[in-house]
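Presented below is the structure to which this report refers.
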Amino acid sequence: MQVTNVKLERTETRLDIILETAEGKPLQVDATQFRSEGNSLIAEIPNATLALPQGQPFVAENPMADITTVQVVQQEGGTIRVNVVGNNALPKTEVTLKTGGLVYSLNPETEEAETEIVVTAEKVEEGYRVPNTSVGTRTDTPLRDIPQSIQVVPQEVLRDQQATRLEDSLRNVPSVSQSFNFSGAITFYHIRGFEVNSTNFLRDGLLDPTAPAAELFSIEQVEVLKGPASVLFGSGAPGGSINFVTKRPLRDPFYAIDATIGSYSFYQGAVDLSGPLNDSKTALYRLNAAYGNAGSFVDFSNREYLSVSPVVSIDIGKNTNLSLEGDYIYKSNAHESGVPPVGSTLPNPNGKIPRNSNFGEPSDTIDQTFGSIGYRLEHKFSDNWSLRNAFRVNFGNYYERKFNPISLDADNRTLLRDVEEFGNNPRNYILTTNLVGKFFTGSIQHQLLFGVDLTRRESQSSVSRTFAAPSIDIFNPVYGQERGEITSDGAFFSLTDSLGIYLQDQIALTDNLKVLLGGRFDAFTQTSGSEDFIEGTESSDSLSDSAISPRFGIVYQPIKPISLYASYSRSFVPSEGRSRTGSTFKPEQGTQYEIGIKTDITDSLSLTLAAFDITRSNVLVPDPDDEDFSIQTGEQKSQGIELNLGSEILPGWNIIAGYAYTDARVTKDTTIKPGTQLPEAPRNSFNLWTTYEIQSGQFQGLGFGLGLFYVSDRPTAFVESPVIIPGHLRTDAVIFYKRDRLRLALNIENLFDVEYFEFGSRRGYPYYGQPFTVKGTISWEF
């Protein structure tokens, strides 16, 4: 919860400390943990952050005759401390803490709340609106003070929609489109028209290329930072970045268990356990684990997964916190081939291809194991200065064996295929250190961030082969056929080392005028190579280069609820290979201009309207003099507008909605006609998800929800006659019931069983979307 104001109210014998929250809801308070130390009365409030207009901490000197100081300060681990210091002894004045209409006494002799009893360890829900994020600045900053569009999909939306995979959550972000999916194993995305790469995925602000394969059981919320973000995170595509915020340990015991069954033999179980490891609560833990097994509407397709995510947080003294984190994911998926365009999106004289069709083989498989381990260390020198250091290593093992469609024969029923066998063992290491400080120069307030990142990304194939394969009749398939002769056999490796140094200053010129300045320098070395076992040849190459990524933004707030902003930012991606003359290529570059308005119409309703212009330059395109080589003259541009809304309209009535118009086109190329729409970049997309829970009466706790998700037509690939995936509108719904610690839910996907296509393959083969599907979930907290 965000504390936006602290007030003191005094009488002759009493001092009230009032904590006002952004949501107007009471904070999670455990009065049994209040204590006295020497001449001080102390109350610590977990899961809360200070966001005071005058900055933090709050300090009041000599508010009463026997009280010298009242302090409200931010502690590590998301805790606020209220400290009331007596004059040479504990205060005799009656001191109370007020939050959301509840009143607690801080004096040792008072044991009960004055007006209402509070349940210890009650899990406070934030709702559909999230006021703060760290992904946009690497500091805890209100969204309305960041001059860039950021959309957050909070825990309550993930729960209400029963979202377990990343693609489920990103339906709520209209400028994000799914571009390809390896049979549910790994999904690729476009943001603002541009495909994101592995370096655009983050976990708690740290690079995590394995994140697209993650299940969401250990995730608190998903954040999408739209536009270039190289100034903060280094190399990355210009469309935007996706950050997973993991669930953190809680100071009070919390235990939850979920069980779900659904259509197509869907079974899933999950546990969420948290609490202190010692009586003083200086060591906390959290463990999320889940197992699932599911079939599919597609023939002989199924998936199995196991996810385990432990976290331990240890207070090393009063001002130092160490977190140890791990993550393990195992997934096994059958392969889904997609279907030929002729017979699905285009007419076929032989008939229509059913959406359950699969033209791979029952023996096809995709197996993967991903994991990570690391630590986070934070030390506070004072209330205004802190040092943070983190290290993480990601590791993985990926293997696939699958029959792929190549092309449809002239009879419109014989599908030509090949067989691919591929394995990869990625490793990624990141070490980051940054210093955050708040200070004044005269009346101007600064929040300074200085940091250094060291990263290493390794990728090495264990096998990379293709084989000839027998064709298959798409209207009368015969399975169990063996693969043919080997057509290619090789291996590859790549290694990228990079150093990033960045500096950022968030400047409050006045209470309503804020400026963001940032810059980053990256130096990187990239080595790659391949080996052809059939030809007996090897090749390798290396390059070293650097990039500078600036950022500038300004926020003006004419009145408190409204923020007008404008920003400029850049990104870069290293370019591989060499030109016909043997020279290396400059990094690909993305440049964005964005303007917008953010408004907090009420404490529970926020809205963002943004307009953007992104240019992707230095794109590699075929050399017109020799198509075996490339030149760096390509350019692409994306322009558009976005509207995002998150709100609790009335008590119990929540909504998250958005609309995006994206015009993403080729502007310069040697083989593609300028003006061609970028693949998997829909012009229009829209989402609406709303729920209502009855607040009182006989049916209290009963709720309903409805979701609408629309995506317009879009091409699947850069080819002369691209396959156009038709637009669709999908409707989802939920019915749920909550009573005390029990929650029952029935989620329905594709309520009207609309036949639609989710995405296309890189070869232009569309994939049918999920038909009518039902999932029932029972959840219990104890």
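The values are calculated or read from the model by the stated rules, or taken from the named source; none is laboratory data. Since the model is a prediction, treat every value here as computed from it, not as a measurement. We place every Cβ from the backbone using ideal geometry, glycine too, and count neighbours over all the protein chains shown. For accessibility, only protein heavy atoms count, side chains too; no ligands or nucleic acids. Shrake-Rupley method; radii C 1.70, N 1.55, O 1.52, S 1.80 Å.
Sub-8 Å Cβ pairs linking a first residue in region 666-683 that is within 20 Å of Phe180 (Cα to Cα) to a second residue that is among the small types (Gly, Ala, Ser) and assigned to a loop (DSSP other than H, G, I, E, B), at least 6 apart or interchain, are Leu678/Gly193; Pro679/Ala717; Ala681/Gly193; Pro682/Ser712; Pro682/Gly727; Arg683/Ser712, ordered by first then second residue. With the condition kept exactly as written, say whether any residue in region 168-175 is within 16 Å of the chain's Cα centre (by Cα), open to solvent by 30 Å² or more (accessible area, probe 1.4 Å), among the small types (Gly, Ala, Ser) and over 27 Å from Ala259 (Cα atoms). No, that holds for no residue.
So which residues in region 197-215 are part of a loop (DSSP other than H, G, I, E, B) and open to solvent by 10 Å² or more (accessible area, probe 1.4 Å), if there are any at all? Before you say what the answer is, go through the steps one by one.
Step one: list which residues in region 197-215 are part of a loop (DSSP other than H, G, I, E, B), which gives 197, 204-205, 208-210, 214.
Listed by number, the residues that qualify are Asn197, Asp204, Gly205, Pro209, Thr210.
Against the numbered list (1) within 16 Å of Asn434 (Cα to Cα); (2) among the hydrophobic types (A, V, I, L, M, F, W, C); (3) open to solvent by less than 70 Å² (accessible area, probe 1.4 Å), Ile366 comes up short only at (1). Could you check how many residues of region 470-488 are part of a strand (DSSP E or B) and within 16 Å of Ser407 (Cβ to Cβ)? Total satisfying the criteria: 5.
If we scan region 728-744, do we find a residue that is open to solvent by 50 Å² or more (accessible area, probe 1.4 Å), at pLDDT below 95 and under 21 Å from Leu170 (Cα atoms)? Looking for residues that are open to solvent by 50 Å² or more (accessible area, probe 1.4 Å), at pLDDT below 95 and under 21 Å from Leu170 (Cα atoms), one finds none in region 728-744, hence no.
Of the residues Phe422, Phe391, Phe359, Phe440, which is open to solvent by less than 50 Å² (accessible area, probe 1.4 Å) and either without any contact (Cβ under 8 Å) to a residue 24 or more places away in the chain or closer than 26 Å to Ser307 by Cα (or both)?
On the way: Phe391 fails: open to solvent by less than 50 Å² (accessible area, probe 1.4 Å); Phe359 fails: either without any contact (Cβ under 8 Å) to a residue 24 or more places away in the chain or closer than 26 Å to Ser307 by Cα (or both); Phe440 fails: open to solvent by less than 50 Å² (accessible area, probe 1.4 Å).
Being open to solvent by less than 50 Å² (accessible area, probe 1.4 Å) and either without any contact (Cβ under 8 Å) to a residue 24 or more places away in the chain or closer than 26 Å to Ser307 by Cα (or both) holds for just one of Phe422, Phe391, Phe359, Phe440, which is Phe422.
Looking only at residues in region 69-78 that are buried (at least 18 other Cβ atoms within 10 Å of the Cβ) and either over 36 Å from the mean Cα position of the chain (by Cα) or among the β-branched types (Val, Ile, Thr) (or both), the one that is nearest to Lys281 (Cα to Cα) is Val72. Considering Ser235, Ser230, the condition of being hydroxyl-bearing (Ser, Thr, Tyr) and open to solvent by 10 Å² or more (accessible area, probe 1.4 Å) is satisfied by Ser235 alone.
In region 603-612, is there at least one residue being out of contact with any strand residue (DSSP E or B) (no Cβ under 7 Å at 6 or more places or on another chain) and over 30 Å from Pro131 (Cα atoms)? Steps first, please.
At the first step, the residues of region 603-612 found to be out of contact with any strand residue (DSSP E or B) (no Cβ under 7 Å at 6 or more places or on another chain) are 603.
Subset that is over 30 Å from Pro131 (Cα atoms): none.
Within region 603-612 (the criterion being out of contact with any strand residue (DSSP E or B) (no Cβ under 7 Å at 6 or more places or on another chain) and over 30 Å from Pro131 (Cα atoms)), the answer is no, since none of the residues qualifies.
Residue pairs whose Cβ atoms lie under 7 Å apart, sitting 6 or more positions apart in sequence or on different chains, and linking a residue in region 691-707 that is more than 9 Å from Trp653 (Cα to Cα) and without any contact (Cβ under 8 Å) to a residue 60 or more places away in the chain to a partner that is surrounded by 13 or more Cβ atoms within 10 Å (Cβ to Cβ) and among the acidic types (Asp, Glu), are Gly701/Glu693; Gly703/Glu693.
Within region 556-606, can you find the residues that are among the basic types (Lys, Arg), surrounded by fewer than 17 Cβ atoms within 10 Å (Cβ to Cβ) and assigned to a strand (DSSP E or B)?
To start, the set of residues in region 556-606 that are among the basic types (Lys, Arg) comprises 560, 570, 578, 580, 586, 598.
Subsequent filtering for residues that are surrounded by fewer than 17 Cβ atoms within 10 Å (Cβ to Cβ) retains 560, 578, 580, 586.
Scanning region 556-606 gives a single hit, Arg578.
Of the residues making up region 751-782, those that are open to solvent by 60 Å² or more (accessible area, probe 1.4 Å) and free of Cβ contacts under 8 Å to residues at least 60 places away in the same chain number 2.
When residues in region 279-297 are screened for being among the aromatic types (Phe, Trp, Tyr) and farther than 30 Å from Pro354 by Cα, 2 of them pass.
Annotation note: Cβ proximity below 8 Å between a residue of region 529-545 that is closer than 15 Å to Gly582 by Cα and a residue that is among the basic types (Lys, Arg) and open to solvent by 90 Å² or more (accessible area, probe 1.4 Å) (sequence gap 6+ or interchain) occurs for Asp541/Arg578. The residue that is nearest to Ser230 (Cα to Cα), counting only those in region 526-541 that are open to solvent by 60 Å² or more (accessible area, probe 1.4 Å) and part of a strand (DSSP E or B), is Ser540. Of everything in region 558-601 that is β-branched (Val, Ile, Thr) and within 26 Å of Leu516 (Cβ to Cβ), the residue that is nearest to the chain's Cα centre (by Cα) is Val573. Is one or more of the residues making up region 483-491 open to solvent by 50 Å² or more (accessible area, probe 1.4 Å), under 29 Å from Thr615 (Cβ atoms) and among the basic types (Lys, Arg)? Taking every residue of region 483-491 in turn, none turns out to be open to solvent by 50 Å² or more (accessible area, probe 1.4 Å), under 29 Å from Thr615 (Cβ atoms) and among the basic types (Lys, Arg). Within the span defined as region 243-264, every residue fails to be among the small types (Gly, Ala, Ser), surrounded by fewer than 22 Cβ atoms within 10 Å (Cβ to Cβ) and without any contact (Cβ under 8 Å) to a residue 60 or more places away in the chain.
If you check Glu61 against the conditions, is it surrounded by 15 or more Cβ atoms within 10 Å (Cβ to Cβ) and not in a loop (DSSP other than H, G, I, E, B)?
No: the conditions fail for Glu61.
Checking Leu50, Leu106, Leu97 one by one, the residue that is open to solvent by less than 60 Å² (accessible area, probe 1.4 Å), under 28 Å from Thr133 (Cα atoms) and modelled with pLDDT under 90 is Leu50 and no other.
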